[in-house]
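Let me begin by presenting the structure, written as structure tokens, before commenting on it.
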Amino acid sequence: MSLLLDIQHVTKRFASPVTLGDRLAGIVRGRPARRLVHAVNDVSLTMPRGEVLGLVGESGCGKSTLGRVIAGIYEPTTGEVLFDGAPVMRGGRKRTPRVQMIHQDPFASLDPRMKVAETVGEGPIAHGIVPRAGSDDYVAGMLDRVGLNPALRNRFPHQFSGGQRQRVAIARALAMKPDLLVLDEPVASLDVSIQAQVLNLFLDLRRDLGLTGVFISHDLGVVRHVSDRVAIMYLGRVVELAPTPLIYAAPAHPYTRALLDSVPRIGQGRGVFRPIRGEIPSPLAPPPGCHFHPRCPHAGPRCRAEVPLLKPVVPGQAAACHLHDGGVGLGVAGALAAEQRPAA
Ligand code: SF4
């Protein structure tokens with residue numbers, strides 16, 4: 001399969017409001033106060049055409065920010081995102097309509113003053129995908145494609161249910177004839193009964209249109225059903241990347257294992273549900289070395305000083321953990337394998 005997406009050493013930082021305490025500290029230090037949110041930190045990965053990659057992590061891990069960088073909504077602070085060999089953004093402007101994003105809350109992402117026909121039709125007209133005269137039929141076809149009655153195209157977003165609004169958002173993205181969809185928690189705001197319908201719609205579209213997708217979620221169960229590979233993010237970094245079956249059967253990073261163990265599973269008896277200890281540190285001041293070391297049961301002195309690189313563990317699976325080179329004195333066999341969890 002040919003390469004469609006090439007993310008090269010992408011870092012994204014945001015300036016955060018400076019507090020009075022920061023200003024006073026700046027005066028004491030003799031330099032202006034500055035607070036930076038380290039949202040995404042030196043992420044590199046590639047995606048072949050036709051793949052769906054799950055991007056998973058706790059709230060605040062940087063997955064949505066990375067999704068927006070991929071979709072050309074945010075410009076990377078450093079690094080570059082190449083789509084089909086060309087930068088997605090240049091000079092602060094998105095350069096291709098072939099990458100589209102679907103957001104978590106369709107009510108917030110749809111203009112409440114625009115009828116669905118305008119919402120779905122305006123982008124294709126602006127980009128010359130369809131002439132204005134043919135827009136009505138084009139929009140009707142898109143609505144039909146996502147399972148909505150085309151007769152509803154003159155309604156406003158508030159006249160639809162949550163699941164229907166997300167279908168409108170998907171129709172708007174599809175109308176741009178994308179090759180890559182970035183879906184940011186696309187079912188998180190929907191009722192459980194509706195989530196399966198929207199996920200099945202995505203799987204149908206993927207099969208029929210050959211779409212490539214980045215599926216962002218905190219829910220490992222959802223990602224398992226839609227992704228070919230999974231990237232686990234922690235505090236701005238990708239800490240594990242592997243084919244979906246492998247990451248669930250044999251996680252290679254302590255954080256992945258902790259994430260899997262923190263998911264309650266029916267029928268596994270008492271004591272299986274183990275929440276991750278501690279809280280994710282502030283991205284304003286990430287811990288040195290391995291960002292996960294304050295919460296990791298295997299942390300050693302090297303973990304507090306040296307950033308672990310994302311390195312192959314077995315063919316197709318990579319992890320960023322010193323355990324894999326015996327660097328914390330335990331060795332991976334003595335740590336991860338010893339606490340091998342039963343397959344879910
Ligand atoms: Fe834990 Fe050290 Fe591995 Fe980080 S590098 S996950 S602290 S063992």
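Throughout, read-outs are computed from the coordinates displayed, never taken from laboratory work. The model shown is predicted, which means the values in this text are computed figures rather than measured ones. Quick reminder, even Gly has a Cβ in these numbers, built from the backbone with ideal geometry, and neighbours come from all protein chains shown.
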Q. Running Debye on segment 1-41 with equal point scatterers at the Cα sites and no solvent, what base-10 log of I(q)/I(0) appears at q = 0.18, 0.22 Å⁻¹?
A. -0.63, -0.76
Q. Of the peptides 101-107, 283-289, how do they stack up when ordered by the mean number of other Cβ atoms within 10 Å, highest first?
A. 101-107, 283-289
(Q) Full-extension gain between residue 197 and residue 93, please, as 0.36 nm times their residue separation minus the C-alpha to C-alpha distance. (A) 34.0 nm
**Q.** Enclosed volume per residue, in Å³, of the convex hull spanned by Cα atoms of segment 94-214
**A.** 100
**Q.** 13 Å reach of a label modelled at residue 9, 7 Å along Cα-to-Cβ, counting backbone N of segment 78-101
**A.** 78-81
Q | Protection proxy ranking, peptides 168-175, 223-230, 8-15, average beta carbon neighbours within 10 Å, highest first | A | 168-175, 223-230, 8-15
Q: State the antiparallel share, in %, of DSSP beta bridges confined to the chain, rounding to the nearest 5.
A: 60
Q. Order of 186-192, 118-124 by packing, highest average Cβ count within 10 Å first?
A. 118-124, 186-192
Q | Extreme residue, positive dipole direction of the chain, given options 248, 148, 60 (C-beta unit charges) | A | 60
Q) Assuming R0 = 51 Å, what is the FRET efficiency of residue 84 and residue 24, from their Cβ-Cβ distance, to the nearest 0.05? A) 0.55
Q. Which net charge results when you count Lys and Arg as +1 and Asp and Glu as -1 among the other residues whose beta-carbon is under 14 Å from that of residue 85?
A. 0
Q) Rounded to a whole number of µm²/s, how large is the Stokes-Einstein D of the chain at 20 °C and 1.002 mPa s, given Rh as the Kirkwood radius over C-alpha pairs? A) 99
Q | Extension reserve of the residue 155-residue 279 stretch, reckoned as 0.36 nm per residue once the Cα distance is removed | A | 40.3 nm
Q) How high is the FRET efficiency between residue 35 and residue 129 when r is their beta carbon distance and R₀ equals 45 Å, given to the nearest 0.05? A) 0.60
Q: State the extension gain, in nm to one decimal, for the chain segment bounded by residue 42 and residue 113, taking 0.36 nm per residue of separation less the distance between their alpha-carbons.
A: 21.6 nm
Q | Test item: Cα-centred dipole of the chain, Lys/Arg +1 and Asp/Glu -1 on Cβ, debye | A | 740
